[in-house]
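K.L.:
Take this structure, written in structure tokens, and hold onto it; I'll ask about it next.
The values are calculated or read from the model by the stated rules, or taken from the named source; none is laboratory data. Please read these numbers as outputs of a predicted model, since none were measured by experiment. All Cβ positions, glycine included, derive from the backbone under ideal geometry; neighbour counts span all protein chains shown.
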Amino acid sequence: HKTKRQYQPLSGKRVLVTAGPTIESIDAVRYFTNHSSGKMGYAIAESARDLGASVTLVSGPVTLEKPHGITVKDVTTAEEMYNTVLNDYDEQDIVVKAAAVADYKPVEQVENKMKKQSGPLSIEMKRTRDILQALGERKTKQYLVGFAAETDEPLVYGRDKMARKHLDAIVVNDISRDEQGFKTDTNAVDVLTAQERHETIPLQSKEAVAKQLWSILLEEM
Ligand code: CTP
Ligand code: CA
């Protein structure tokens, strides 16, 4: 891997990025997850590396290739992601939480395979911990960037999440449109900052969105 030496404004900075979905198991063969591909988070991590940062990528289960020059920590569940991210938090300068973390997990995880019954099935679920909320509450020097995946009123919910979780910026993804958000190779987002800046990044490859996101964040920090 060739490091691009021309322009390295993140040199000396530690950046932690989370990406991908989490998986919460039900029994020996079944699980709950979501449609996140991890592409946006991986592009953000690789772009930060190219800008000179020392990057840790905490990744849920994805089918993407391991990026060079980045420390990848693989996790499966929301709880594992919580523990890994919180453990590395103190030494980070910037944290970008692109992962699609499960909000709920089954109250009980059955060790063996459940057999089907004649009637319907209900599975009781309980809340997972909100990682980003925990980071916001423990924030010292870190510049904290969240994501918001929304289908209704993205900017309203995005602003609300930024305030509630004590974020410095939030990347708002309107996932009601086909070509942006989960599973796609392209994305279009709005970036809102605590400084009340609002930038729109138009539809393009996730790599290009990641580059533009960093140029906005670099101006803000
Ligand atoms: N997030 C997190 N831990 C969770 C849930 C979400 O760290 N248990 C983070 C995501 O990584 C993302 C941000 O919170 O950066 C927003 O996630 P999102 O699902 O859009 O918002 P929620 O706060 O979970 O609210 P809701 O799903 O109800 O819209
Ligand atoms: Ca959620």
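K.L.:
In the list T151, T140, which residue meets the criterion of being surrounded by fewer than 19 Cβ atoms within 10 Å (Cβ to Cβ) and either of a type in the set (G, A, S) or within 16 Å of ligand 2 (Cβ to nearest atom) (or both)?
P.N.:
From the options T151, T140, the qualifying one is T151.
K.L.:
Another one. If we keep just the residues of region 184-221 that are assigned to a loop (DSSP other than H, G, I, E, B) and among the acidic types (D, E), which is nearest to the chain's Cα centre (by Cα)?
P.N.:
Going through the qualifying residues, I end up with D185.
K.L.:
Go through region 156-167 and give me each residue that's surrounded by 13 or more Cβ atoms within 10 Å (Cβ to Cβ) and more than 18 Å from the chain's Cα centre (by Cα).
P.N.:
none
K.L.:
Show the residue pairs meeting these rules: Cβ distance below 6 Å; 6+ apart or different chains; first residue within region 141-168 and basic (K, R); second residue surrounded by fewer than 18 Cβ atoms within 10 Å (Cβ to Cβ).
P.N.:
K165/Q133
K.L.:
So which of V55, V101 ends up being more than 16 Å from ligand 2 (Cβ to nearest atom) and either crowded, with 17+ Cβ neighbours inside 10 Å or under 23 Å from E137 (Cα atoms) (or both)?
P.N.:
V55
K.L.:
I would also like to ask the following. For region 180-210, name all the residues that are touching a Leu at 6+ places or on another chain (Cβ under 9 Å) and closer than 19 Å to L64 by Cβ.
P.N.:
Result: Q180, T186, N187, V209.
K.L.:
Taking region 144-176 only, how many residues are farther than 15 Å from I94 by Cβ and aliphatic (A, V, I, L, M)?
P.N.:
8
K.L.:
For region 36-59, indicate whether the set of residues that are part of a loop (DSSP other than H, G, I, E, B), over 16 Å from L217 (Cβ atoms), more than 15 Å from ligand 1 (Cβ to nearest atom) and not β-branched (V, I, T) is non-empty.
P.N.:
no
K.L.:
Right, another one. Which of the residues spanning region 114-149 are near ligand 1 (Cβ under 10 Å from one of its atoms) and either at pLDDT below 95 or part of a loop (DSSP other than H, G, I, E, B) (or both)?
P.N.:
Hits for region 114-149 are T128, R129, D130, A149.
K.L.:
For the structure I just gave you, tell me whether G181 is assigned to a helix (DSSP H, G or I) and within 13 Å of ligand 1 (Cβ to nearest atom).
P.N.:
For G181, the condition - assigned to a helix (DSSP H, G or I) and within 13 Å of ligand 1 (Cβ to nearest atom) - is not met.
K.L.:
Restricting attention to region 127-134, does a residue exist that is within 16 Å of ligand 2 (Cβ to nearest atom), touching a residue at least 60 places away in the same chain (Cβ under 8 Å) and hydrophobic (A, V, I, L, M, F, W, C)?
P.N.:
Looking through region 127-134, at least one residue is within 16 Å of ligand 2 (Cβ to nearest atom), touching a residue at least 60 places away in the same chain (Cβ under 8 Å) and hydrophobic (A, V, I, L, M, F, W, C).
K.L.:
What are the residues in region 150-178 that are assigned to a loop (DSSP other than H, G, I, E, B) and small (G, A, S), if any?
P.N.:
Selection gives S176 alone.
K.L.:
Out of the residues in region 104-126 that are of a type in the set (A, V, I, L, M) and within 25 Å of I175 (Cβ to Cβ), which is nearest to ligand 2 (Cβ to nearest atom)?
P.N.:
So the residue we want is M125.
K.L.:
What about G158, is it small (G, A, S) and on the phi > 0 side of the Ramachandran plot?
P.N.:
no
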